[in-house]
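First up is the structure itself, then whatever we jot down about it.
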Amino acid sequence: MKRTCVALAIGFALSLSGCGKQGGDAAPAGKAEAEAGFAAELRNKLLDAKPGDVIDVPAGTFHFDRSLSLRVDGVTLRGQGMDKSILSFKGQKAGAEGLLVNANGFTLENLAIEDSKGDGFKISQAENVTVRGVRVEWTGGPKTSNGGYGLYPVLCKNVLIENSVAIGASDSGIYVGQSRDVIVRGSRAERNVAGIEIENTINADVYDNVATGNTGGILVFNMPALTQQGDAIRVFRNKVFQNNLDNFGAKGTPVASVPAGSGVVINSNDNIEIFDNDIADNQTANIIVSSVYSTGYKDDKASGEFDPYPERIYVHDNRLSGGGDSPDRMDFKALKVAMYGLGGHFPDVLFDGYVNPQRKEGPQLCLRGVSGVLNADGPGGYKNPSKDAKPFDCALPSLPAVDLKRG
Amino acid sequence: MPMRRFLAALGLALLAACTRAPAPVAFFAEGMPERLSDWNVVYVADGRLRLNARVEPYTLDSPLFTDYAHKLRTVWMPEGKAARYQPVDALDFPVGTIISKTFYYPVPDGGRGGDVVLRSADTGPEPDGGLALDKVRLVETRLLVRREAGWIALPYVWNAEQTEARLMRSGELLSLTLLAADGSKAQVDYTVPDENQCAGCHGTDLKSKAIFPIGPKARHLNRDFAYPGAGSENQLAHWQKIGYLTDVPAGELPKNPSWDDPAAPLDARARSYLDINCGHCHSRKGAARTSGMWLDATTRDLLRLGRCKLPIAAGQGTGNRPWDIAPGKPDDSILPYRMESVDPGVMMPELGRSVVHAEGVALIRDWIAAMPAQDCGS
């Protein structure tokens, strides 16, 4: 604060001295110094924080050439608004994320994190995480060199992300990984490879979000060789439209295999309920149900105890329109022409066809109110695709709502 | 007046005495002393960085790479206290332990005071255990202090005059030019970590948030060291002899080979390198457990080690390569790609370097190339 005052005083003195110019030149210089002062101060505030502290970020753009980190429980970092208080990491020289937190009871509110070299905001192994009104953005638009994840809670319990925005992530805009009890709501994901991704997470509700202009809108993924398998995810009341952006993810990341034009993608997960969403104009398919085998993971030995097959998936009561008319990838294009003709389009649901032959009750993929489903016969190399919707005519009990018990 | 003059003279005499026989090491049970000299673990006298009494220098079979910085490591324990042997984790040091690591670079002849430093192999301290200040540039000294409540990490940055190091809890970026023997130069954005970033590596169990030393594990210490005036001796044996280590089991103790020892098997050298450079995060409990890739010495599962393993949260860090390790194909493997990068969003480790460790990369590439080729899938 002292430094800020000094900087302001110098700015003021310069503007008074004039030198025949208007004082206007000096004012921005003073502002820049004040912002530099606060940037240094913020680093110390994060080091010195005590449980219960609220660290206020004033309006302004604050530049950091190293990442910020916090390890104290029960701290709130709060700005003046996602377009007013900006933590900018443009030209960052060190650190793998913008803000890295390893602390329970952390709240991030009303600010923006821009142009970090790696992930925007990462919080790991924490309980009771709140992200509210936060924007993470790579301001140069979609680029493979952008950071991987925008908002990135991983190995967390009890996570609330709301009214937030993620733009330009080269992997996922809002990504919740290996966590338990999660709500992502009222948020917007645009121009990321994956808009919102819930991966290897147990008990998550994803609702009232907008995912548009991404490669894939909302992804529910399960990957092998991680700390837990995902389970019990509800995706409802979201608007998922025109996710047709060319995939700019680096090859090797699981999302790099997501075809452009994917609305909602379920991959190797069990117990998923997709309902009451508006899903439209996603050019490969509005809904894709697939196995990890379609993401490039072919080595069975590597899968270990992992269940690669999607099971007990319940899609019902959505409003679906358009889409499927211009699928990504040559194999899908060929498949579309073969099955539906040059001017035709895939139905609402595309299923890659991998099922566990040991499971007597079948995969229990229950699809209601969709224009149709194409079983692409992935295991057979797309040779015997099927439009038969009968195996998918079933219903499942609804999943319970996630209760974060926040009062 | 005569009294005051007497006191002044006495002060000077004491000061002179101090340079020969300094006050003992000061352990602060709380607080964060502003100056490195407050601790009196290492001190500057007669143009040298010296070690105080009972401050033991040590080295590691394979050290963690930090922008080609040389490192002077020391350990000090209070009288009558000793560390307890641990087979895998860092030795169990007693409350009161102070571990110091001074990062420094040799400087070109007559080049003192500038930002040009030499890229050269770390040959360890001088025979007295200290450093000649006309030959090196001291950058920072990090202290790990074992207090009642656990370890704390304190980074001290040396001043330009090389007379004192000040606590820099918020860290710093230092711009240095690294001059190689062939005359080539590289720019180094040397990062002094902030206190939280110290925990990024030393918080080997992210959940507990406790931090621990990384280097002083039995398998890293199990090698000879040329002790000042005492000849060469195995470090674990020496620590037992001077009363710094107890509960050492009989028989052969675990040992990592030196990563650059051409006589050691390639696999053991590579694993040793990965263990010290990556294993503190990439382990069952470490911060990088999220990735499912574990590189510490105890990991045996080849998938966990990265063989034919898909990355999880690598983003652009994959470099368009599908597998962490594609056996036989270093150019198709993500691991060397991330070691070869200096982009903060791509490189591994995430902290602690701004240039590529060319020799380390070569080792890991050779290791992967020597694996029997295997098709991981498409």
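The values are calculated or read from the model by the stated rules, or taken from the named source; none is laboratory data. Computed from a predicted model, the values in this text were never measured in an experiment. Cβ: placed from backbone, ideal geometry, glycine included. Neighbour counts: every protein chain shown.
Data table
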| quantity | calculated |
| --- | --- |
| Given (1) within 29 Å of B:Ser258 (Cβ to Cβ); (2) at pLDDT 95 or above, number of the condition B:Val95 does not satisfy | (1) |
| Selection within region B:303-354 - more than 9 Å from every other protein chain (Cβ to nearest Cβ) and aliphatic (A, V, I, L, M) | B:Leu305, B:Ile325, B:Ala326, B:Leu335, B:Met339, B:Val342 |
| Strands (runs of 3 or more DSSP E) enclosed by region A:40-92 - at least 2 residues per element that are small (Gly, Ala, Ser) and more than 14 Å from chain B (Cβ to nearest Cβ) | A:85-88 |
| In region A:147-184, residue nearest to the chain's Cα centre (by Cα) [restricted to those that are among the polar types (S, T, N, Q) and either closer than 17 Å to A:Ala232 by Cβ or within 13 Å of another protein chain (Cβ to nearest Cβ) (or both)] | A:Ser172 |
| Enumerated strands (runs of 3 or more DSSP E) restricted to region B:19-111, each holding at least 1 residues that are in contact with a strand residue (DSSP E or B) (Cβ under 8 Å, 6 or more places away or on another chain), buried (at least 23 other Cβ atoms within 10 Å of the Cβ) and not aromatic (Phe, Trp, Tyr) | B:42-45, B:48-51, B:70-76, B:98-106 |
| Test: residue in region B:355-375 that is modelled with pLDDT of 90 or more, within 11 Å of chain A (Cβ to nearest Cβ) and assigned to a loop (DSSP other than H, G, I, E, B) | no |
| In region A:93-108, residue farthest from the chain's Cα centre (by Cα) [restricted to those that are surrounded by 22 or more Cβ atoms within 10 Å (Cβ to Cβ), more than 10 Å from chain B (Cβ to nearest Cβ) and over 13 Å from B:Pro344 (Cα atoms)] | A:Phe106 |
| Residues satisfying the stated conditions in region A:362-396, i.e. aromatic (Phe, Trp, Tyr) and at pLDDT 95 or above | A:Phe392 |
| So A:Asn282, is it more than 14 Å from chain B (Cβ to nearest Cβ) and not in a helix (DSSP H, G or I) | yes |
| Region A:109-127, residues that are within 10 Å of another protein chain (Cβ to nearest Cβ), in contact with a Phe, Trp or Tyr (Cβ under 6 Å, 6 or more places away or on another chain) and in a strand (DSSP E or B) | A:Asp119, A:Lys122 |
| Positions within region B:146-169 being touching a Phe, Trp or Tyr at 6+ places or on another chain (Cβ under 7 Å) and buried (at least 19 other Cβ atoms within 10 Å of the Cβ), in sequence order | B:Arg146, B:Trp151, B:Ala165 |
| Some residue of region A:365-385 being surrounded by fewer than 17 Cβ atoms within 10 Å (Cβ to Cβ) and of a type in the set (Val, Ile, Thr) | no |
| So A:Gly343, is it closer than 21 Å to A:Val264 by Cβ and either at pLDDT below 95 or not in a loop (DSSP other than H, G, I, E, B) (or both) | no |
| Selected residue [over 22 Å from A:Tyr207 (Cα atoms) and out of contact with any helix residue (DSSP H, G or I) (no Cβ under 6 Å at 6 or more places or on another chain)] from A:Gly95, A:Gly168 | A:Gly95 |
| Residues (surrounded by fewer than 16 Cβ atoms within 10 Å (Cβ to Cβ) and either at the interface with chain A (Cβ under 10 Å from one of its Cβ atoms) or touching a helix residue (DSSP H, G or I) at 6+ places or on another chain (Cβ under 8 Å) (or both)) located in region B:177-226 | B:Lys207, B:Ser208, B:Asp224 |
